[in-house]
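Written below as C-alpha cells is the structure these notes are about.
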Amino acid sequence: MPFLGLIYTWRPELMLALWKHQGTTMKQIGCQTKGYRVCNMLEGGVTPLPTPEELKAMGFHLIVHPLTALYASARALVDVLKTLKESGTTRDHLEKMCTFEEFNQLVNLESWFEIEGRYSNFKKAVEKKY
C-alpha cells in the first residue's frame, strides 16, 4: 500500500498508525505529503514531542495539544486530594493553588452575577414572599 496515498486523505490516527507500524518518520510525513500538515501532540502517545521549531523544519504547519491541559489538571487534582487525605489540610500547599481572588478573576465571576441577576426568578420570589 503506498504511503502517500494513505496520508493524503489525512486522518490523524492513520498518520500515527503508519508512523508506528511502518517505521515512517514524522519528517517523511512532513516532506512527502501535500497541503497543510497537522501534528497531534499527545503526552504518553506514540508521537515524540518535538519543539515547534523542529516540527516546522519537518514540514508541519499546525501543532495541536488536545489533552495537555487536561492531563496537567488531572495530575494537580490527584496531588491535592492526596495531600488532603494524608494531612487533612491544604494549608502548607497553597502556592500550588489559585487564590480565591485569582479563581474569581479566571472565571469572570462578576459577569456571572450579572447574568444571574438578569435571568434569576429567585430574587423576585423572595421579594414577593416577604
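Observations on the model:
- Residue in segment 31-41 that is open to solvent by 100 Å² or more (accessible area, probe 1.4 Å) and of a type in the set (A, V, I, L, M) present: no
- Test: residue in segment 4-20 that is modelled with pLDDT of 90 or more, open to solvent by 60 Å² or more (accessible area, probe 1.4 Å) and within 20 Å of the chain's Cα centre (by Cα): no
- In summary, Gly44 fulfils each of the numbered conditions (1) part of a helix (DSSP H, G or I); (2) modelled with pLDDT under 95; (3) more than 21 Å from Gly30 (Cβ to Cβ) with the single exception of condition (1).
- Some residue of segment 67-84 being open to solvent by 50 Å² or more (accessible area, probe 1.4 Å), in contact with a strand residue (DSSP E or B) (Cβ under 9 Å, 6 or more places away or on another chain) and assigned to a loop (DSSP other than H, G, I, E, B): no
- A Cβ distance below 8 Å, combined with a sequence gap of six or more or placement on separate chains, defines the contacts here; from segment 63-87, residues that are over 22 Å from Thr51 (Cα atoms) reach residues that are among the charged types (D, E, K, R) in the pairs Ala76/Lys96; Asp79/Lys96; Val80/Lys96.
- Within segment 53-66, the set of residues being surrounded by 12 or more Cβ atoms within 10 Å (Cβ to Cβ) and on the phi < 0 side of the Ramachandran plot comprises Glu54, Leu55, Lys56, Ala57, Met58, Phe60, His61, Ile63, Val64, His65.
- Members of segment 85-97 found to be part of a helix (DSSP H, G or I) and small (Gly, Ala, Ser), listed by number: Ser87
The values are calculated or read from the model by the stated rules, or taken from the named source; none is laboratory data. It should be emphasised that the depicted structure is a prediction, and the values quoted were computed from it without experimental measurement. We place every Cβ from the backbone using ideal geometry, glycine too, and count neighbours over all the protein chains shown. Heavy atoms of the whole protein, side chains included, go into the accessibility calculation; ligands, DNA and RNA do not. Shrake-Rupley method; radii C 1.70, N 1.55, O 1.52, S 1.80 Å.
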